Number of protein chains: 2
Amino acid sequence: MKHITSRDNAFYKGLLKLTGNARQRRKAGQTLLDGAHLVAAYHACGGKPLHLLHTGAALQNEEVAELLRLFPDVPQTLLDDALFAELSELKTVSGLLALVALPEADFAPERSGFCLLLEDIQDPGNLGSMLRSAAAAGCDAVFLSSGCADAWSPKVLRAAMGGHFVLNIVEDADLLMVAAHFGGSVFAASLAGKVTLFECDLRGRVGFAIGNEGAGLTAELQAVCQPFIIPMPGQVESLNAASAAAICVFEAVRQRN
Amino acid sequence: MKHITSRDNAFYKGLLKLTGNARQRRKAGQTLLDGAHLVAAYHACGGKPLHLLHTGAALQNEEVAELLRLFPDVPQTLLDDALFAELSELKTVSGLLALVALPEADFAPERSGFCLLLEDIQDPGNLGSMLRSAAAAGCDAVFLSSGCADAWSPKVLRAAMGGHFVLNIVEDADLLMVAAHFGGSVFAASLAGKVTLFECDLRGRVGFAIGNEGAGLTAELQAVCQPFIIPMPGQVESLNAASAAAICVFEAVRQRN
């Protein structure tokens, strides 16, 4: 097993660039999964890492040791604790990182039956939470405008808890083109909606467009969506974008149940 | 108008303690609202700040100037930019802070008709998002176990977008006592549930218990709740706690609609 002890190691320097930089992740077509939970979720979906990196202490952790045994032919590298910590955003060091290839996206919306169209979602926690909800609800694809946070950043990966591995994630998507070619119905919450979410027929091929946390959807995208309102009987009429997305996709689950 | 230019000012030192420290907020019975949006929401709910603090630049902002005019008899203090920035967590300085009194909580669950019971919710963003969803759905109360993040911290206030001002927020609640005295039905998601959320009758007096992000509900609390499952047809069976809460309270909204 290789053991990296120096920040000057070329492979290590490449990993460091990858973890901090969306452009670098895209250029390399790779990202890092941090922690046993994400690596286990990746394995459960048939994924095989390019490389596994761990601390010495992590080898004593039964969960990590078991995961490493699942990938006998994947190269493993031992990292000094300080070097590992620099690659991780977690306060409590997980001790396990997997270098993985980004999957190839299928750009054709007409092959999706149930999807999200995300316009300029900027908070990584919100974005990850939406991917998690979409995966749980049985969406097959998520299309992201170029103004969205990087879907493959450590924060988004962590928040999505494995949702990435069961979704067709299409970044830099032209959402107007997606809506035009989808073929099913694209719905969007709008104050101009004359029906409630609960009155929409969501049993067929359905997409939901979700707008930026502050600005909402652009008028151009709103114009090609079927508008609905989420009834809010409370005194505050406002929902977090990820909460709104969860309510929408699980109303579709309810109708299909 | 007073003008504070020194970090040694006693009033300023008190504010600084307040913004960083939950214990201090409870001791003083006060917190700070950061930004025009929160202050406007507070005003819309009939709130009147104890004190308003702003930068010089903020006076040129029409939204801030209008808000200040809404409270002609509230003392106002001008803060030097650097001092203001220290009181704020926001990267882009809002220029307006309101010192407000924490409302008195009503500890009696039997006076609630629709509420959340939050057990050890630790992420401030999740907690704020839950308060926001609860307020939008028409909940009247949220009971928090002592293991929850501080409900009146700047991060939670920001994420809840005014939800605090229309809810009875009860911190350090004994959730077993709340469930015992509530009188209505307390529901909780559970793998042991034999019915789906959508099959539960949520039209009466209803509470939802939401567990810690990692550990879920304690067995003790789970045991006194009516269990249900949220059907997850996707390949990943997992939801963010705030997303789950949103799905639950808006299913109640749907049934009552």
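Taking every residue in A:117-129 and counting other chain Cβ atoms within 10 Å of its Cβ, the average works out to 2. Each Lys and Arg Cβ is given +1 and each Asp and Glu Cβ -1; about its Cα centre, the stretch A:2-101 then shows a dipole of about 600 debye.
Taking amide H as placed 1.01 Å from N in the peptide plane, the amide H of B:H51 sits under 5 Å from that of B:L99, each at least 5 places away or on another chain. Accessible surface comparison of A:I229, B:I247, probe 1.4 Å, protein chains only, largest first: the order is A:I229, B:I247. The packing ranking of peptides B:131-138, B:101-108, A:113-120, highest mean first, is B:131-138, A:113-120, B:101-108, where packing means the average number of other beta carbon atoms within 10 angstrom of each residue. In nanometers and ordered shortest first, the copy-to-copy spacing of the B:G147 label point, defined 7 Å from Cα toward Cβ, is 4.0.
In chain B, the longest principal axis of the Cα atoms and the axis of helix B:241-256 are about 70 degrees apart.
Farthest towards the positive end of the charge dipole of chain A, among the residues A:I247, A:G214, A:A108, is the Cα of A:A108, using unit charges on the Cβ of Lys, Arg, Asp and Glu.
Within 10 Å of the Cβ of each residue in A:245-252, the mean number of Cβ atoms contributed by other protein chains is 6. With the alpha-carbon atoms of the stretch B:109-256 aligned to their principal axes, the span from lowest to highest coordinate is 39, 36, 30 Å, starting with the largest.
Over all directions, average the projected area of the Cα convex hull of the protein assembly as shown and note it in nm².
For the protein assembly as shown, the mean projected area of the Cα convex hull comes to 25.8 nm².
Pairs from the table (B:K27/B:K155; B:K2/B:K91; B:K48/B:K91; B:K17/B:K155; A:K91/A:K155; A:K2/A:K27) lying more than 23 angstrom apart at Cα are B:K2/B:K91; B:K48/B:K91; A:K2/A:K27.
Estimated from the Cβ-Cβ distance and a Förster radius of 22 angstrom, the FRET efficiency linking A:L191 and A:Q122 is about 0.55.
Within the stretch A:2-101, DSSP assigns beta bridges of which about 60% are antiparallel (rounded to the nearest 5).
Please compute, for peptide A:159-169, the average count of beta-carbon atoms on other protein chains lying within 10 Å of each residue's beta-carbon.
Taking all residues of A:159-169 together, the mean is 2.
Mean projected area of the convex hull spanned by the Cα atoms of the stretch B:2-101, taken over all viewing directions: 6.0 nm². Here the simple spin-label model places points 7 Å from the Cα toward Cβ, and for A:A108 and A:M1 these points are separated by 4.4 nm.
Summary for A:E213: label point 7 Å along Cα→Cβ; distances to the equivalent points in the other copies, ascending, 1.3 nm. Each 10 Å bin from zero holds the following percent of Cα-Cα pairs in the stretch B:72-130: 14, 29, 31, 22, 4. Under 5 Å from the amide H of A:N168 lie the amide H atoms of A:A141, A:V142, each residue being 5 or more positions distant or on a separate chain, with H modelled from the backbone and absent for Pro and chain starts. Over all orientations, chain A has a Cα convex hull whose mean projected area works out to 15.0 square nanometres. With the label put 7 angstrom out from Cα along the Cα-to-Cβ vector, A:L59 ends up 6.7 nm from the copy partners, going from closest to farthest.
The values are calculated or read from the model by the stated rules, or taken from the named source; none is laboratory data. Since the model is a prediction, treat every value here as computed from it, not as a measurement. For neighbour counting, all protein chains shown are included, and Cβ atoms are generated from backbone atoms with ideal geometry for every residue, glycine included. Side chains are part of the model used for accessible areas, which takes the heavy atoms of the whole protein and leaves out ligands, DNA and RNA. Shrake-Rupley method; radii C 1.70, N 1.55, O 1.52, S 1.80 Å.
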